[in-house]
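Below you'll find the structure, written out as structure tokens, and then a few comments.
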């Protein structure tokens, strides 16, 4: 029987990171993935990641996936695709289906990095074609270039629901509504805000009660829910949609760990049944590790670090690195993990609804939590979001009002005029009125697309607002249209006076629109005159 | 349903355009893309009808986990079309229960 | 592992408007069938599975496990943590018998 030093199951962020780490320590590693395409879910993450430079913040998931694959191949990791692991027997023996037969092989260490499956909810018509997981929609459009539908209802406002809704708009779909049974939007406020300003309505305390259609979805009915999360009769509202996307959380795929004899525990904060793990990611079976979403639902950045920790522990156990080397590595990895697990959206805060202010003591925007956008008055109250009485020239207005682990704005500003500090969940602050050179790097770097360059002295009576614009067609200088508010409502006429789309912006161009000075504190999106869309 | 122009993605890395058959009719798709993607691009939503209730099903998870998108591919039933790369000349058929549409069911 | 205590909902089974809702998509098991079984005395996920086949289809419970656990929990007034889960068994993914039959111990490079 073929024997490997390490077998990794799943070629996603956790699995590839584990494989690279192990190979760097000298282990012979093979990665099995059942898909014909490697990368797990990374290659459909076309948005920029949060975190710090060490977490590859402001790099798009798809690019991180390419980097991981290259690194894995470069160091001699064997990635076998179309290889479905069917079971793990005693003594770390694995049955894998490959090329039309089942083969058995054995490993000294196994890292299970099988990720998660999407949670579902039942409602009338939920089995109809056209009802699908939000991840399914993302796979179709971002990996395969096919729209899942034309008019979409998104159910669930966690980060998956918000990110996929935005990507649906980028793919040219109409997101008719985002509903969530909870009274608060579950994901990052910045993700909600970038959707809301394009005109997508949020219905919190609402759920989908019905998908209508005989052969496929032809419409849906949503309704308000009461405190017990059941629909309130009489509040039903029909929606003209052809696709329902479900984004109500993920569950770890613990079957293989269970099959291998690892002890499972039920942990709602981790998404359900997960293998009981040491802080090195080892299960109750010696030499069997879990990393990434299968170890508890988080996101790709922490999955990558978990993969490294597990692989380093395996390398130590197999005698490839010393215990002291391991401690040094693990210390760094765990610090990095702690950084990204901080803030109000940290795994430990999952489901909490009692957070009412930021770490700095600013009251959270109720409007952002309930409707997806900051009210004008609330925006003005945050340290970097207010327009204030600044002098001439452009300067950043940062509508970042929740403690999320992220600091690219501070990282890219060449003038040092944006301050987050070492604690990357802190709200950014503007340091020094005059420092901004208008380079717009922060606009392109902000993974939440929450930074605007505002200049109130552009022309007599007119100012400009520079905004991130990740849609096609990209407006051109001279284009006329409407300026939209944070809620997506039309405010006034606007003209594009500049577009910044160079390589440094990494496909987040800045569109600068001219608006009356009275509107620069409110105008946050541009809708071209000729376009009905976006 | 194909995305012609995307603000972030320049290239989906598609293979060449090939012919396959869908329920006996000629169809086109890109070699190597999942069969389910090629069908979605053509506007096909229903992949199969269920055994007991004879209800339509289509793409649900798109990553091989739910197995709702199974069809008969080259005569083999229960093939997950979201995981199966399209190949030239492939015969893809709507699955009815555990069989081809119209074929007699044996007792289940 | 906690010692399992058998719990039964002794109240007479009362129909609910959404009893016809499919919960297990693969085996087409409805909410009403699951609820009925719970009133008849089954009380863990494993028992529901053996009794009604939900979770035994092609997806092996990946879609319905959570939904079924929720129904059991509500119907019997028990926390989900005590209801057990689907046992992970080889094969955890669908595989055709012919391929299983070709299984080679002495293998080519996997």
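None of the figures in this text is laboratory data; all of them are computed from the coordinates on show. Keep in mind that what you see is a predicted model, and the values were worked out from it rather than measured. Positions of Cβ are backbone-derived with ideal geometry, glycine not excepted, and every protein chain shown enters the neighbour counts.
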In peptide C:92-101, what is the residue-averaged number of other protein chain Cβ atoms found within 10 Å of each Cβ? 6
What does the helix-only formula give at 222 nm for chain A: each DSSP H stretch with n ≥ 4 adding -39500 (n - 2.57), the total divided by the residues, and the result rounded to the nearest 500 deg cm²/dmol? -6000 deg cm²/dmol
Angle, helix A:13-24 long axis vs. longest principal axis of chain A, Cα atoms, 0 to 90°, nearest 10? 50
Contact order relative to length of chain C, as percent, for alpha carbon pairs under 8 angstrom and 6 or more apart: 24
Just to confirm my numbers, what's the Cα centroid distance between the stretch A:326-364 and the stretch A:42-112 in Å? 26
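Using Cβ counts within 10 Å as a stand-in for footprinting exposure, how do B:17, A:27, A:374 rank, fewest first?
Details: B:17 10, A:27 22, A:374 27.
Final ranking by Cβ density, sparse to dense: B:17, A:27, A:374.
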FRET efficiency for residue A:530 and residue B:78 from the Cβ-Cβ distance with R0 = 41 Å, rounded to 0.05, comes out at 0.25
Computed FRET value (nearest 0.05) for residue A:376 with residue A:476, which takes r as the C-beta separation and R₀ as 51 Å: 0.95
With a 10 Å Cβ neighbour count serving as the proxy for reagent exposure, in which order, fewest first, do A:400, C:54, B:19 appear? B:19, A:400, C:54
Principal-axis tilt of helix A:323-340 within chain A, Cα atoms, nearest 10 degrees: 30
Mean per-residue count of partner chain Cβ within 10 Å for A:124-137 equals 6
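Of A:9, A:404, C:71, how do they rank once you tally other Cβ atoms within 10 Å and put the fewest first? Display every interim value, and only then the final one.
On the way: A:9 29, A:404 26, C:71 19.
So the ranking, lowest neighbour count to highest, is C:71, A:404, A:9.
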For helix A:61-74, what angle does its Cα long axis make with the longest principal axis of chain A, in degrees from 0 to 90 and rounded to 10? 30
Under a crude label model (7 Å from the Cα following the beta-carbon direction), how far is residue C:53 from residue C:73 in nanometres? 2.8
Counting only DSSP beta bridges with both partners in the stretch B:17-96, the antiparallel fraction in percent, to the nearest 5, comes to 80
Compute the separation of the alpha-carbon centres of the stretch A:176-238 and the stretch A:373-452 and state it in Å as a whole number. 31
Share antiparallel - DSSP beta bridges, the protein assembly as shown, percent rounded to 5: 70
I want the antiparallel fraction of DSSP beta bridges within the stretch A:1-157, as a percent rounded to 5. 45
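Would you mind giving the mean number of other chain beta-carbons within 10 Å of the Cβ of each residue in B:29-41, as a whole number? Mind dumping the intermediate values first?
Values: counts 1, 2, 0, 2, 6, 8, 0, 5, 7, 2, 1, 8, 5.
Neighbouring Cβ atoms belonging to other protein chains average 4 per residue here.
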Per-residue [θ]222 nm for chain B (sum of -39500 (n - 2.57) over DSSP H runs n ≥ 4, rounded to 500): -2000 deg cm²/dmol
Mean ellipticity per residue at 222 nm, deg cm²/dmol - from DSSP H runs of n ≥ 4 across chain C, formula -39500 (n - 2.57): -8500 deg cm²/dmol
